[in-house]
Amino acid sequence: ATSSDDLVGFGQRHVTAGIGRLTEAVMSKGEGSYLSFEDGRRMLDFSCGIGVTNLGHCHPKVSKAAAEQCTSLVHGQCSIAFNLPYLRLIEKLLPIMPDRSLDSFYFWNSGSEAVEASLKMARSITGRQNIICMQGGYHGRTYGAMAVTKSKTVYSEGFFPLMPGVFSSPFPFWHQSGLPPNTSEEELVRLSLYQLELVLKQQSAPKDTAAILIEPVLGEGGYVPAPPTFLQGIRKICDEHGILLIIDEVQSGFGRTGKLFNVEYSGVRPDIMTMAKGLANGFPLSAVVSRKDLTDRLKPGSMGGTYAGNPVSCAAAVAVAEAFEEEKVLDNVSARSHELLTSLHSLRNDPVVGPSIVDVRGTGLMVAVEFASPSYPLGDPALNPSVPKGIAARVARRCMDKGLLILTTSIYEVIRFIPPLNITQPDLEKGCDIFAAAVKDVIR
Ligand code: PMP
């Protein structure tokens, strides 16, 4: 197969149908904020491979560190010995953890594996079985991670029975509360914490509950930041009952929301925190951090994996951490976030398309626009003006036609903005202009 069409056809015949694809194309090259395809298209990438290439594709410092590591040690099996980049990475991560107590690391390859590990750790450390997760949460596709994923049925459909001992409680999101979109944050938090207390009284007693697991920003569930008071309320409940708090920062971590970790906004201390995606800017690497006093209760040999903590990925992650500092990435996030939100709010105020936009939300460069939909529940006319069905996917497709790669998320009509954290001002503006034009094309 040589032509782009031939390659796509080959892929369609030989790649499992279980993988859904946004576009039938073949990626050929990634350079900074741009991604090129075999069919000749070049797109501004506001997807970052689902929030991974935070420093852009093939960041020179990261690629160089990985290439150099390839000449000294490629495989450094963690159950045989430590490896150097692995230890250097811990040295880099220790001072930037959202709480000083987080001093014990465990590396894996993917976010799902990190979540799996966190569930095993919570059960083993507490001697309790049950996990409470959040409605709308996403944690991965392996069996344990799938059991705590509650964002879309497609992730579990046909795969039952799931891991037992999992209960879910509402995340403060108006869609899931049955309340109108203008319901106050305070009210949503109060109701969600009340429901969590009910779960602990009616379904999973505290003495059976090992952990409460939450994404500080619902990712695949709709890009909904948890109000700090909600996370603080959960922390209080965990403290009262000796339940561990697992914070999943796989998508929200490493500067994505404007702080290195989203929990910094609430000051909440995780007992266990999972990380991946931006950690190594595209090299497969995830991490679970906890406290030594907790992880010392794990039996040697109970954790680990052949590729866990690969030296090439760890060397890349060290370079990521250094580039973050050197390039003042968080300052760029703050400036670009302001521009992005200003642009989206001005679209919301547009007399023609504005009424079809129900919400603009998020912080840093983890931002969402939600459209109205004729299929939304509640029959609230403000939510259902005469907009086309499936509007978010249509806007995303229109953006791609115009050279902007952008993703939808959740069962609602949501477009997510996750551009590279080091994106330039002109590129951000270009993306915003394409998006506005696409919205106008679809709604008009
Ligand atoms: N947790 C969160 C919050 C995620 O967003 C994801 C991936 N979208 C995962 C876990 C799973 O990570 P992976 O796809 O690397 O297994």
Next on the checklist: Treating only the Cβ of Lys, Arg, Asp and Glu as charged (+1, +1, -1, -1), what charge dipole size does the range 80-120 show about its Cα centre? Round to the nearest 20 debye.
Outcome noted: 100 debye
Checklist outcome for this item: When 174, 108 are arranged by how many other beta-carbons sit within 10 Å of their Cβ, fewest first, they go 174, 108
Item to check | Whole-Å distance, taken between Cα centres, linking the range 94-166 and the range 237-292 | outcome: 12 Å
Item to check | Length added when fully stretched, residue 386-residue 292, from 0.36 nm per residue minus Cα-Cα | outcome: 28.3 nm
Next on the checklist: Counting only other residues whose beta carbon sits under 12 Å from that of residue 285, what net charge do I get with K and R as +1, D and E as -1?
Outcome noted: 0
Item to check | Summed residue charge, Cβ within 9 Å of residue 51's Cβ, Lys/Arg positive, Asp/Glu negative | outcome: +3
Item to check | Estimated vicinal HN-Hα couplings, Hz - the range 156-171 in sequence order (Karplus 6.51, -1.76, 1.60; Gly, Pro = x) | outcome: 10, 4, x, 10, 6, x, 8, 4, x, x, 10, 10, 10, 10, x, 8
Checklist outcome for this item: Fewest to most Cβ atoms within 10 Å: 22, 218 sort as 22, 218
Checklist entry - GNM on the chain, C-alpha springs below 10 Å: top fluctuator among 321, 122, 25? => result 25
Item to check | Prolate/oblate/rounded label for the chain (Cα gyration tensor, a/c 1.5) | outcome: oblate
Checklist entry - For residue 71 and residue 436 in one chain, what is 0.36 nm times their gap in residues minus the Cα-Cα distance, to one decimal in nm? => result 126.7 nm
Next on the checklist: Cut-off 15 Å, label point 7 angstrom out along Cα-to-Cβ of residue 241: give me the residues of the range 209-235 whose amide nitrogen falls inside.
Outcome noted: 209-214, 233-235
Checklist entry - Put +1 on the Cβ of each Lys and Arg and -1 on the Cβ of each Asp and Glu in the chain; which of 422, 76, 371 then has its Cα farthest toward the positive end of the dipole? => result 76
Item to check | Hits among lysines - C-alpha to C-alpha of residue 201 under 25 Å, sequence gap 8 or more where chains match | outcome: 120, 150, 236
Checklist entry - Along the charge dipole of the chain, which of 289, 204, 231 sits closest to the positive end, that is, farthest toward it, with unit charges on the beta carbon of Lys, Arg, Asp and Glu (+1, +1, -1, -1)? => result 204
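No lab work stands behind these numbers, since they all come straight from the coordinates. Keep in mind it's a predicted model, so treat the numbers as computed, not measured. Cβ coordinates were reconstructed from backbone atoms using ideal geometry, including for glycine residues, and neighbour counts include every protein chain displayed.
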